[in-house]
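Data first, discussion second: the structure below is written as structure tokens.
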Amino acid sequence: MVRLSPGGGRVRRIVAGVATVAVLGPLVWLWQDSLLPEAYSVMDMGYADHGGGPHGSSGHETHAAGGASAHGGHGPGAGRDVTQLIADAGRPADVSVTMVARKQPFRLPSGRAFDGFTLNGQSPGPVIKAAKGQLVQVRLINESVPGGITLHWHGVDVPNAEDGVAGVTQDAVGIGKEFTYRFVAARAGTFWYHSHQMSHEQVRGGLLGALVVEPGPGKGEVTDAVALVHLYNGVRTVNGLEGDVHVEAEPGARARVRVVNTEYGVMPAWVAGAPYRLVAVDGTEVNGPAPVTGKALGVAAGGRADIEVTMPANGSPVRIHLGGPTGVVLGSASYDAAPVPRPAATLDLLTYGTPARLGFDPGRPDRRFEYDMGRRPAFLDGVPGLWWTINGHLYPDVPMFHVAEGDVVRMRIANNSGEPHPMHLHGHHAVVLSRDGVPATGSPWWVDSLEVAAGESYEIAFVADNPGVWMDHCHNLPHASQGLVTHLMYEGVTTRFTVGGSADNEPE
Ligand code: C2O
Ligand code: CU
């Protein structure tokens, strides 16, 4: 009698085992391959994309070849570490601020209790004001925020060492430690600051504030107000207040309201009671902004819109709706401007205002990059999900955009991911050339935060005039923490910092 069963069983087991390995093996490999190391330099991330430009002796290649320059190695050709890219060290500060960060339960300006983060006991943090050209110095002290903090100056093209990105331009500032930021406020406009350590938690939790750079003495409006919009526990606030914020403005006077959208999605804004002009976007004046009526404005996540109105001569108030029925009400005697429904039409910045010189020729770029966003099922750091891709690649295997100082750069941002993404490039302002192939014909539309709706594509251009290693990411911060992040890297610049590591740097 031939006993087949043991052998047959073994064969079956082997066949089953081989089949299991065949199915699970690649999955295990994909899972394992997706695990992020405990510490890594963003310079080692992904693959170099030279955008058709020369493959110069960048820090990236030096690092890859040398393999040991992660700690600020200055071998031949290794170039400058980001920490050397600072504002004039000998120049005294014109504006000096100390900010103490805490994790604590506190009351918002509205009176509502909130458990989150404060700067000098409040959230939003204090409005920092400077005049154009002044040197701003901010001493940041972490009294009690676990995991460390930083401050990033959103929209200010600071020297790279002052950019406040944990793991890229500095280490997160742990409890009991401090860090001093110094930069020249070279451009007048509306900006904001926020933590760039675990930013998806810390920004939501209130580690943020507005920064206003005034054009200079006598050049501003009589009425000039900040309207920083933030959701605390899902409650919409303007400057931490719920309901309407009242701003005094005399009949006939010009008033500027500096809207800051700190939220994750585009925010509609519209005006009742007077026409408005969109006088600045992302800290850059619009050229020839005509009065607008019957159109809402879309303020990108992370973006700013300076809205100017001339108050009606009869003294009636003006309402600026920010994302809903409430917002800022400008008035003198009365503030009872009734809310109006949002207009169906939206102001298109592609055609708004009148053209002006760009100061460079985007028609002859030195580099051309693609930033094509998609989405697919995969593992991200061992977690299965439907994750964002950039040019088909998943974080951290994403492109590193290489440039040399002085390059004219064109970038095509395409969104094939099915969801909107507000794209934010650090350290630079880019001008929008076209959307979905339609050229921009209005005022130069300079952005640092560009809302790219699902299915849209934009062509932007900028001059690489600020050496460093710069993040270029989605400002819907949970998306960034899910890997919608790349970097722009200048030849000859290296960073000694690492994501993870002993400082627990976690920029997103
Ligand atoms: Cu407002 Cu990378 O940030
Ligand atoms: Cu996004």
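The values are calculated or read from the model by the stated rules, or taken from the named source; none is laboratory data. In this text, all values refer to a predicted model and were calculated from it rather than measured experimentally. Reconstructed Cβ throughout: ideal geometry from the backbone, glycine too, with neighbour counts over all protein chains shown.
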Which listed residue, of F462, F401, is aromatic (F, W, Y), modelled with pLDDT of 95 or more, touching a Gly at 6+ places or on another chain (Cβ under 9 Å) and not in a loop (DSSP other than H, G, I, E, B): F401
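Of the residues that sit in the stretch 404-430 and are within 14 Å of F462 (Cβ to Cβ) and in a loop (DSSP other than H, G, I, E, B), which one is nearest to ligand 2 (Cβ to nearest atom)? Lay out the reasoning, then the answer.
Within the stretch 404-430, the subset within 14 Å of F462 (Cβ to Cβ) is 404-413, 423-430.
Keeping just the survivors that are in a loop (DSSP other than H, G, I, E, B) gives 404-407, 426-429.
Working: A404: 29, E405: 29, G406: 31, D407: 26, H426: 16, G427: 20, H428: 19, H429: 20 Å.
Restricting to residues being within 14 Å of F462 (Cβ to Cβ) and in a loop (DSSP other than H, G, I, E, B), the top hit is H426.
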Which residue is farthest from the chain's Cα centre (by Cα), if the candidates are limited to the stretch 447-479 and must be among the hydrophobic types (A, V, I, L, M, F, W, C) and within 13 Å of ligand 2 (Cβ to nearest atom)? A454
Selected residue (only one of R364, R376, R412 is without any contact (Cβ under 8 Å) to a residue 40 or more places away in the chain and either among the charged types (D, E, K, R) or farther than 23 Å from D44 by Cα (or both)): R376
Got a sec? Which of E201, E162, E178 is out of contact with any Gly (no Cβ under 8 Å at 6 or more places or on another chain), more than 16 Å from ligand 1 (Cβ to nearest atom) and among the charged types (D, E, K, R)? E178
Write out, first by first residue and then by second, each pair whose Cβ atoms fall under 7 Å of each other, whose residues are 6+ apart or on separate chains, and whose first residue, in the stretch 83-94, is touching a residue at least 40 places away in the same chain (Cβ under 8 Å) while the second is part of a loop (DSSP other than H, G, I, E, B) and of a type in the set (G, A, S). L85/G468
Count of residues meeting criterion [in a loop (DSSP other than H, G, I, E, B) and away from ligand 1 (no atom under 14 Å from the Cβ)] in the stretch 484-508: 10
Check the stretch 315-326 and report whether any residue there is under 30 Å from T293 (Cβ atoms), away from ligand 2 (no atom under 16 Å from the Cβ), of a type in the set (K, R) and assigned to a loop (DSSP other than H, G, I, E, B). no
Scan the stretch 401-432 for residues that are within 21 Å of E285 (Cβ to Cβ) and within 16 Å of ligand 1 (Cβ to nearest atom) and jot them down. H424, L425, G427, H428, H429, A430
Only one residue in E456, E451 is in contact with a Pro (Cβ under 7 Å, 6 or more places away or on another chain) and of a type in the set (D, E, K, R). Which one? E451
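Any residue at all in the stretch 433-445 that's under 15 Å from D157 (Cα atoms), away from ligand 1 (no atom under 16 Å from the Cβ) and out of contact with any Cys (no Cβ under 9 Å at 6 or more places or on another chain)? Even if it seems obvious, please write down each step before you answer.
So the first thing to find is which residues in the stretch 433-445 are under 15 Å from D157 (Cα atoms), and the list is none.
Within the stretch 433-445 (the criterion being under 15 Å from D157 (Cα atoms), away from ligand 1 (no atom under 16 Å from the Cβ) and out of contact with any Cys (no Cβ under 9 Å at 6 or more places or on another chain)), the answer is no, since none of the residues qualifies.
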Does the stretch 219-226 contain at least one residue that is of a type in the set (A, V, I, L, M), closer than 20 Å to A269 by Cβ and surrounded by 20 or more Cβ atoms within 10 Å (Cβ to Cβ)? yes
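This table checks each residue for (1) buried (at least 20 other Cβ atoms within 10 Å of the Cβ); (2) closer than 28 Å to V299 by Cα; (3) touching a Pro at 6+ places or on another chain (Cβ under 8 Å); (4) not assigned by TED's automatic domain parsing to the domain that holds D372.
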site: L386; (1), (2), (3), (4): no, yes, yes, no
site: Y395; (1), (2), (3), (4): yes, yes, no, no
site: V409; (1), (2), (3), (4): yes, yes, yes, no
site: G418; (1), (2), (3), (4): no, yes, no, no
site: V432; (1), (2), (3), (4): yes, yes, no, no
Please state which of the following conditions L433 fails to meet, knowing it meets all the rest: (1) within 13 Å of ligand 2 (Cβ to nearest atom); (2) among the aliphatic types (A, V, I, L, M); (3) not in a loop (DSSP other than H, G, I, E, B). (1)
Residue pairs meeting the criteria (Cβ under 8 Å; at least 6 apart or on separate chains; first more than 13 Å from R258 (Cα to Cα), in the stretch 206-222; second among the polar types (S, T, N, Q)): G206/T118; G206/S123; L207/S123; L207/S195; L208/S123; L208/S195; L208/T262
Test each condition in (1) surrounded by fewer than 19 Cβ atoms within 10 Å (Cβ to Cβ); (2) out of contact with any Asp or Glu (no Cβ under 7 Å at 6 or more places or on another chain); (3) not assigned by TED's automatic domain parsing to the domain that holds S316 for Y352 and report the one that comes out false. (1)
If we scan the stretch 65-82, do we find a residue that is touching a Lys or Arg at 6+ places or on another chain (Cβ under 8 Å) and modelled with pLDDT of 95 or more? yes
